[in-house]
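A short write-up of the structure that comes next.
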Amino acid sequence: MFKKHFFKIMMGVVISLVLVYLTLRQIDFTRSLALIKSVNYWFLFPALIVYVSAYIFRAVRYCFILLPLKKTKILENFPYTVIGFFANNIVPLRLGEFIRAKITGQYLKISGSAALATIIIERLFDILMFILFFFLIFLFMPFPDIVEKSFYVLFAIGIFCFIVLYIIIIYEDNVIKLLSKIAIPDKIKSFILKFFNKFASGLGILKRPTILLRVLISSIIVWLTESLTLVIIAHACGIKLSILGAIFTVIIIGVGSIVPTMPGYFGAYELMGVLSLSSLGIDKDLAFTCIAISHLLTLIGIFGLGFICIVKTNLSLADLFNFAKAKDEEKENAK
């Protein structure tokens, strides 16, 4: 997989290095190192606990998303929720979600295609949260023009995806008839129809308004928790950051994570974090100190949780890369 996608992987590394350079060139690195020494590190422990709790809320949300397929317990799907995010920080090409779908389907005994559909629903709710928080914050503070335009594009993409998924679940039989009429080899058509049937079964939540409301509420809690983590880290650095300012920073970093970088979102996290905090009037050197510590803390959190969950599920790092390789080969065979 690494040899076949060497160019794409190296492109991600190069983009990360360029973004790191763009961040560091506006920073007095010597002063930032001095600021790092003045951080009150005792506050980082509660920040880490709050950050970890965000994944518990993600697991709660995923329980609701899975309800049309299977009733699960929080501790039952927590490891698979974490492993997906963990994989995105170590496996190239952003294959973490596919690895998560594979593992979730295998261990919960549901279709991998249906599991992938539920993960897509989860990501769309994250986009929805970004958009809702964007419009909320927009009432109180201006966004940079390029960020504002990016959110309008994100809004359009999110609405389009929800409409497509809604059409699939409401008009499933009609879509199947349409796919059946496509002039392609029977083997490929059979694969598409089988995948579609299983994928559509994972979208059952779209027919359940009560569950959708639970998912919406738990999504708000997830991102408020993520933002609270940054508030505590900022306090440790001597920055008075409001929850609204933290939400602003978190969603800007979230938009930046779309950029194809190396695993761990290196470069994009730092550049977007510093830009957002400095736009709130925070000194750039201090902003960099806060963002660097925040990135390190979140990596420690997800790596710690990831290794624990891998042990709990009797997997290994090699298994994650094998899942990624298998998924990559599936994509190649489908072409």
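Observations on the model:
- Condition broken by Gly238, with the remaining ones in (1) among the small types (Gly, Ala, Ser); (2) touching a helix residue (DSSP H, G or I) at 6+ places or on another chain (Cβ under 8 Å); (3) assigned to a helix (DSSP H, G or I); (4) open to solvent by 50 Å² or more (accessible area, probe 1.4 Å) satisfied: (3)
- Residue selected from segment 96-120 under the condition out of contact with any Phe, Trp or Tyr (no Cβ under 8 Å at 6 or more places or on another chain) and among the aliphatic types (A, V, I, L, M), by the criterion farthest from Ala59 (Cα to Cα): Ile110
- Every pair of residues 6+ apart whose Cβ atoms lie under 8 Å, when the first sits in segment 231-255 and is of a type in the set (Phe, Trp, Tyr) while the second is surrounded by 24 or more Cβ atoms within 10 Å (Cβ to Cβ): Phe248/Ser276
- Check on Val250, outside any helix (DSSP H, G or I) and open to solvent by 10 Å² or more (accessible area, probe 1.4 Å): no
- Applying the criterion of being crowded, with 22+ Cβ neighbours inside 10 Å and of a type in the set (Gly, Ala, Ser) to the residues of segment 99-130, the residue that is nearest to Leu317 (Cα to Cα) is Ala101.
- Just one of the numbered conditions (1) open to solvent by less than 10 Å² (accessible area, probe 1.4 Å); (2) among the aliphatic types (A, V, I, L, M); (3) more than 24 Å from Ile291 (Cα to Cα) is not true of Leu75: (1).
- A search for C-beta distances below 7 Å between a residue of segment 58-82 that is under 20 Å from Val311 (Cβ atoms) and modelled with pLDDT of 90 or more and any residue that is among the polar types (S, T, N, Q) and surrounded by fewer than 21 Cβ atoms within 10 Å (Cβ to Cβ), counting only pairs 6+ apart in sequence or on different chains, returns Pro79/Thr313.
- Per-region count, segment 163-179, residues in contact (Cβ under 8 Å) with a residue 12 or more places away in the chain and either open to solvent by 80 Å² or more (accessible area, probe 1.4 Å) or not in a helix (DSSP H, G or I) (or both): 1
- Taking every residue in segment 206-222 that is over 17 Å from Arg123 (Cβ atoms) and without any contact (Cβ under 8 Å) to a residue 40 or more places away in the chain and pairing it with any residue that is open to solvent by 90 Å² or more (accessible area, probe 1.4 Å) and among the small types (Gly, Ala, Ser), at least 6 positions away or on another chain, yields no pair with a Cβ-Cβ distance below 8 Å.
- Test: residue in segment 147-154 that is open to solvent by 20 Å² or more (accessible area, probe 1.4 Å), at pLDDT below 90 and of a type in the set (Gly, Ala, Ser): yes
- Yes/no for Phe160 being hydrophobic (A, V, I, L, M, F, W, C) and either open to solvent by 50 Å² or more (accessible area, probe 1.4 Å) or on the phi > 0 side of the Ramachandran plot (or both): yes
- Single residue of Ile65, Ile90, Ile27, Ile56 found to be closer than 20 Å to Ser218 by Cα, open to solvent by 10 Å² or more (accessible area, probe 1.4 Å) and either out of contact with any helix residue (DSSP H, G or I) (no Cβ under 7 Å at 6 or more places or on another chain) or among the aliphatic types (A, V, I, L, M) (or both): Ile56
The values are calculated or read from the model by the stated rules, or taken from the named source; none is laboratory data. Treat the numbers as computed from the prediction; the structure is a model and nothing was measured. Note: ideal-geometry Cβ built from the backbone for every residue, glycine included; neighbour counts use all protein chains shown. Heads up: the accessible areas ignore ligands, DNA and RNA and are worked out on the full protein's heavy atoms, side chains in. Shrake-Rupley method; radii C 1.70, N 1.55, O 1.52, S 1.80 Å.
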